[in-house]
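Just below is one structure, and these are the notes that go with it.
No lab work stands behind these numbers, since they all come straight from the coordinates. All figures in this text were calculated on a predicted structure; none of them were measured in a lab. For neighbour counting, all protein chains shown are included, and Cβ atoms are generated from backbone atoms with ideal geometry for every residue, glycine included.
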Amino acid sequence: MKKDTVIEVNEKKYTLQHPGNREWLKLKQEIIIVHASQTVSVDVVKMLDYCFEHVVFPDEGPKLDLDNIDIKEIEEVWSPVLQQFFKGLPLLESYATSQGATKTKENNKSKQ
């Protein structure tokens, strides 16, 4: 079952295309690291590389790449949003970095 979601990040539209449960589970095995101390971390670089190639599709312009995107956008938007997307959690329609000029629709609704 593939699910597509359209979001806006700093006024640019992107389609997020879920790769399917099997691919997500394979990726999860590669990116989740269990340490000797029993703590768990995520290999964010590997996750984002995969997602920018197979999951995130800009409506205009080239695909995203870790080397051509602002670090704030990576840390404040893409890393948490993609983890939520794969878990099936609801996403906002619009995101902006702390220096971005847009407001989320969720924030706009709460001000009405």
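Springs between alpha-carbon pairs under 10 angstrom, Gaussian network model over the chain: which of 97, 15, 39 fluctuates most?
Result for the chain, Cα springs under 10 Å: 39 fluctuates most.
Over the residues of segment 4-110, compute the C-alpha Rg and express it relative to 2.2 N^0.38 Å.
It is 1.11.
Using θ = phi - 60° and the Karplus form 6.51 cos²θ - 1.76 cosθ + 1.60, what ³J(HN,Hα) does each residue of segment 5-18 get, whole Hz, x for Gly and Pro?
For segment 5-18, the Karplus curve yields 9, 9, 10, 10, 10, 6, 6, 10, 8, 9, 9, 9, 10, 5 Hz.
For the chain, what is the charge dipole size about the Cα centre, in debye to the nearest 20, if Lys and Arg each add +1 at the Cβ and Asp and Glu each add -1 at the Cβ?
Roughly 560 debye, rounded to the nearest 20.
With a sphere of radius 14 Å drawn around the Cβ of residue 79, what net charge do the other residues whose Cβ falls strictly inside it have (Lys, Arg +1; Asp, Glu -1)?
-3
For residue 59, what charge total do you get from the other residues with a beta carbon under 9 Å from its beta carbon, if Lys and Arg give +1 and Asp and Glu give -1?
So the environment of residue 59 carries a net charge of +1.
First select every other residue whose beta carbon is under 9 angstrom from the beta carbon of residue 10; then total the charges, Lys and Arg +1, Asp and Glu -1.
Residues near residue 10 contribute -3 overall.
I'd like to know which of 29, 44, 71 lies farthest towards the positive end of the charge dipole of the chain, counting +1 on Cβ of Lys and Arg and -1 on Cβ of Asp and Glu.
The one lying farthest along the dipole's positive direction is 29.
On full extension of the chain, what length is gained from residue 23 through residue 4, given 0.36 nm per residue of separation minus the C-alpha to C-alpha distance?
5.3 nm
Of all DSSP beta bridges in the chain, what percent run antiparallel (nearest 5)?
Numbers: 12 of 14 bridges.
Within the chain, antiparallel bridges account for around 85 percent of the total.
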